[in-house]
Amino acid sequence: MTIQKAAQIIEAEHDRLDVPVNKPALFLEPDPSNATLTVRQRFERTFVPNLFRQASVTEAMPPLLIKADGVPRTASVSSRLGSLANALDPNSAFYENDFRSYNCSKAALNTLVLNYAKMLDDAGSLVNVVCPGQTETQRVG
């Protein structure tokens, strides 16, 4: 299913979208099976889900968000690893780690969300970024 098709289904079935929650989280660096990937491969495989797909989904939704019941909202799940301040803080728990592609994808996501806040400001929307910490998924036990 395409993103545009999903937006059409949401519109047909609900006529609005109150709160999309975007949780892109592909983290390749800690997995030893990815050690043979080139830098370019790591960045491409990380940025596609963590940034490009989120941008594509979010860009398709503003017409539905503007129809939200109440204040239009978006929520994006990011990470402290995308914080520029934490990246330079030697006291940060992650200072010594080298997770370049993931860190960069989350820093880019944080900037993208700031742009959405500006883009949706006229609609009175609330654009949120949250960092819940490491959460259990199919890949993370």
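Laboratory data are not the source of any read-out in this text; all were calculated from the coordinates shown. This one's a predicted model, so the numbers in the text were calculated from it and none came from an experiment. Here the Cβ is made from the backbone with ideal geometry for all residues, glycine too, and neighbour counts use every protein chain on show.
Results, tabulated for the structure shown:
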item	result
Förster-model FRET efficiency, 25 Å R0, residue 111 and residue 5, C-beta, rounded to 0.05	0.35
Given charges at beta-carbon only (K, R positive; D, E negative), |dipole| of the chain in Debye	280 debye
Between the range 91-107 and the range 14-55, the Cα center-to-center distance that results, in Å	15 Å
Scattering curve values for the range 40-80, log₁₀ I(q)/I(0), Debye with Cα scatterers, q = 0.17, 0.31 Å⁻¹	-0.58, -1.05
Gaussian network model of the chain, springs between alpha carbon atoms under 10 Å - residue of 112, 84, 17 with greatest fluctuation	84
Ordering of 25-33, 50-58 by burial proxy (mean other Cβ atoms within 10 Å per residue, highest first)	50-58, 25-33
At q = 0.09, 0.10, 0.11, 0.14 Å⁻¹, base-10 log of I(q)/I(0) for the chain (Debye sum, equal scatterers on each alpha carbon)	-0.32, -0.39, -0.47, -0.72
Neighbourhood net charge (15 Å Cβ-Cβ; Lys/Arg +1, Asp/Glu -1) for residue 58	+1
